[in-house]
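The values are calculated or read from the model by the stated rules, or taken from the named source; none is laboratory data. Keep in mind that this is a model prediction, so the values were computed, not measured. Cβ coordinates were reconstructed from backbone atoms using ideal geometry, including for glycine residues, and neighbour counts include every protein chain displayed. Side chains included, ligands, DNA and RNA excluded: accessible areas come from the protein's heavy atoms. Shrake-Rupley method; radii C 1.70, N 1.55, O 1.52, S 1.80 Å.
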Amino acid sequence: MNDSTLETVGLGLYFEDLPVGRKFRTLGRTIQDADVCAFINVIHMTEVLFTDMEFVRTESDMKGRFAPGAFSYAIAEGLLAQATMQKTGYAFLNMELDIKNPAYVGDTLHVECEVIEARLSKSRPGRGLVRTMNKVVKQDGTVVLTYTPLRMIKCRSEKE
């Protein structure tokens, strides 16, 4: 069926949907061992903390199969992209990131967002700049990391 009158679901949020103070959270995603293995292999992170479980068991301060902080950040971005940025998120401009706690295989992560800055772009008509405070949170409420991305977002109207 190819009916252009049907509503398309899953589209992203526009600049106008993201006023300062708006808060929301994403769905969760459980970390699997295969996810961690694939991630460390793709980026060639061959550090023994992620590849040698005997080393982790006997010498590491953290015990068990944990994920790199970069993995938790990547999961957060994936959760946000599918929920808020489809066809409206145009650029990732900068951020500050702070790792608070490890995430382990079996943990379920979600992202809690609060819009902390929203302004129209001076150089790009029809675009806004939105900064959020993102907390990546485990199922027990433990914060894994926080970051503050600044993104360029499409406005509903090109006249903005």
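Taking the Cβ-Cβ separation of Met53 and Thr30 as r and a Förster radius of 25 Å, what is the calculated FRET efficiency to the nearest 0.05? Here the calculated transfer efficiency is 0.80. Placing Lys23, Lys154, Lys122, Lys135 in order of accessible area, with the largest value first and a 1.4 Å probe, yields Lys122, Lys23, Lys135, Lys154. Between 0 and 90 degrees, rounded to the nearest ten: what's the tilt of helix 33-42 against the longest Cα principal axis of the chain? With rounding to tens, the tilt is 80 degrees. If the segment from Ala38 to Glu112 were pulled out straight at 0.36 nm per residue, it would be longer than the present Cα-Cα gap by 24.1 nm. The Cα-based radius of gyration and maximum Cα-Cα distance (Dmax) for the chain are 18.4, 61 Å. Taking the centroid of alpha carbons for each part, the range 85-106 and the range 1-70 are 9 Å apart. Taking the longest Cα principal axis of the chain as reference, the axis of helix 69-84 is set at about 30 degrees. Solvent-accessible area per residue in the chain equals 58 Å², computed with a 1.4 angstrom probe and all protein chains kept. If only the Cβ of Lys and Arg carry +1 and only the Cβ of Asp and Glu carry -1, the dipole of the chain around its Cα centre is close to 740 debye.
Take Glu114: with every protein chain present and a 1.4 Å probe, its accessible area is about 70 Å². Using a probe radius of 1.4 angstrom, the carbon and sulfur fraction of the accessible surface of the chain is 52%. Applying 1/(1 + (r/R0)^6) with r as the Cβ-Cβ distance of Thr46 and Glu96 and R0 = 25 angstrom yields a FRET efficiency of 0.35.
Farthest towards the positive end of the charge dipole of the range 47-155, among the residues Ala70, Leu120, Thr58, is the Cα of Leu120, using unit charges on the Cβ of Lys, Arg, Asp and Glu.
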